[in-house]
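I have placed the structure first, in the form of structure tokens, so that the comments after it can refer back to it.
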Amino acid sequence: MSPTEVRVGVVGVGIMGTDHAERLASRIAGARLVAVADPDRVRATALADRLGTEVLADPLALVASPDVDAVVLASPGFAHEEQVLACLAARKPVLCEKPLTMDDESSLRVVRAEVEHGARLVTVGFMRRFDPEYAEARALLGTGERGRLLLLHNVHRNRSVPNADFRSEMIVRDSLVHEVDSSRFLFDDEVVEVTVLAPAPTRHAAEGVLDPQVALFRMAGGGLVTNEVFVNSQVGYEVRFEAVAERGSLTAGLHTTALLGTSAAAGGGAWGGVVPADYRRRFARAYDLEVQAWVDGIRAGTGAVGASAWDGYAATAVSTAGMASLATGTPVAVELAERPSLYRATADPVAVP
Ligand code: ISE
């Protein structure tokens with residue numbers, strides 16, 4: 001398909017779906033937002049009215065609509081399998097927010113359906129691959145100048161979580177899953193073992209929720225990854241990493257390009273930049289680049305870009321192992337199915353912007 005303008009429908013208009021709908025309606029070249037669908041009709045109608053687009057009650061009707069060329073899925077993870085499979089059946093490119101699905105078997109069903117289709121139509125919304133710092137780090141590691149990547153230290157903090165349903169397992173499936181993909185992307189390798197531990201929780205976590213968590217990933221090639229995930233830090237959105245290679249390191253997420261200033265209002269002695277409030281701000285550019293690359297790929301007919309259904313499946317499998325480890329505190333092996341030839345590279349490279 002190489003339309004001059006890609007007509008996009010957005011399923012799910014919560015925080016991320018609204019963000020994507022606004023992006024598509026205002027700053028993505030070559031795309032037009034033509035419909036939104038959400039079970040919450042009031043919310044969907046308010047957004048559609050604001051952005052001048054159509055509302056459909058049923059996500060599957062949006063996928064099937066002859067007026068929709070491509071679909072962004074920002075619905076809850078439990079709805080993804082049916083909706084992604086519907087996009088594949090309709091032969092429509094789909095950008096599906098993470099997680100791809102809720103368990104290994106359903107993610108594998110998506111992989112198999114895409115293999116059956118014979119070409120990549122599914123992109124999983126691991127937007128960090130498009131963040132200039134992450135993309136440049138991967139490119140620099142690929143040059144070999146610093147030697148082999150040995151260690152990766154990831155930090156992932158949210159100010160707070162949206163609701164009380166955000167339990168310990170969700171910290172693994174919804175938050176740590178980004179570190180899984182980042183680690184696979186930077187190492188260009190699979191995670192083969194996960195251990196998830198938790199200290200005595202913060203008093204700001206809901207009763208019974210293990211927050212923060214510390215996870216250790218072993219990579220197939222011998223690399224090690226340490227991860228801190230803390231979703232009730234009370235501060236803001238802090239996502240950074242230090243990648244340690246044989247002859248040098250790379251550090252991302254320090255906001256070093258931010259304006260530095262002193263402030264009497266902040267106590268007189270304070271200096272520094274501003275910690276972004278949430279992921280929409282921290283990764284705003286990454287989301288724009290991700291959606292633009294997705295639209296460009298559809299227009300050029302060059303196939304899906306970014307994280308593939310295989311990457312989504314691998315991330316789900318590591319999350320499943322991580323949730324099992326969280327329950328026991330012991331290492332859990334990750335066993336992946338055989339990778340189909342449709343997905344040659346572990347992490348399909350993206351151009352450094
Ligand atoms: C959320 O769903 C995201 O994807 C954010 O990037 C992550 O930081 C947050 O912890 C998740 O809940």
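Observations, loosely collected:
- Meets criteria (more than 16 Å from the ligand (Cβ to nearest atom), in a helix (DSSP H, G or I), surrounded by fewer than 17 Cβ atoms within 10 Å (Cβ to Cβ) and modelled with pLDDT of 95 or more) for Ala139: yes
- Within segment 171-188, considering residues that are in contact (Cβ under 8 Å) with a residue 60 or more places away in the chain and within 11 Å of the ligand (Cβ to nearest atom), the one farthest from Ala327 (Cα to Cα): Asp181
- Elements of type helices (runs of 4 or more DSSP H) contained in segment 254-345, each with 3 or more residues being modelled with pLDDT of 85 or more and not charged (D, E, K, R): 284-300, 309-328
- Test result for Ser168, crowded, with 18+ Cβ neighbours inside 10 Å and within 14 Å of the ligand (Cβ to nearest atom): yes
- Of the residues in segment 236-244, at least one is in contact (Cβ under 8 Å) with a residue 60 or more places away in the chain, assigned to a loop (DSSP other than H, G, I, E, B) and within 14 Å of the ligand (Cβ to nearest atom).
- Screening the candidates Val110, Val191 for the property of being aliphatic (A, V, I, L, M), in contact with a strand residue (DSSP E or B) (Cβ under 6 Å, 6 or more places away or on another chain), away from the ligand (no atom under 16 Å from the Cβ) and within 26 Å of Ser341 (Cβ to Cβ) yields one hit, Val191.
- Lone qualifier among Ala200, Ala205 - being of a type in the set (Gly, Ala, Ser), buried (at least 19 other Cβ atoms within 10 Å of the Cβ) and either within 14 Å of the ligand (Cβ to nearest atom) or in a loop (DSSP other than H, G, I, E, B) (or both): Ala205
- Residue within segment 103-110 that is surrounded by 23 or more Cβ atoms within 10 Å (Cβ to Cβ) and under 30 Å from Val172 (Cβ atoms) present: yes
- Residue list for segment 85-105, restricted to those being free of Cβ contacts under 8 Å to residues at least 60 places away in the same chain, touching a helix residue (DSSP H, G or I) at 6+ places or on another chain (Cβ under 6 Å) and either basic (Lys, Arg) or assigned to a helix (DSSP H, G or I) (or both): Leu85, Ala86, Cys87, Leu88
- Scanning segment 56-73 for residues that are surrounded by fewer than 23 Cβ atoms within 10 Å (Cβ to Cβ) and either over 26 Å from the mean Cα position of the chain (by Cα) or assigned to a loop (DSSP other than H, G, I, E, B) (or both) returns Ala57, Asp58, Ser65, Pro66, Asp67, Asp69.
The values are calculated or read from the model by the stated rules, or taken from the named source; none is laboratory data. Predicted, not measured: the structure shown is a model, and the values here were computed from it. Quick reminder, even Gly has a Cβ in these numbers, built from the backbone with ideal geometry, and neighbours come from all protein chains shown.
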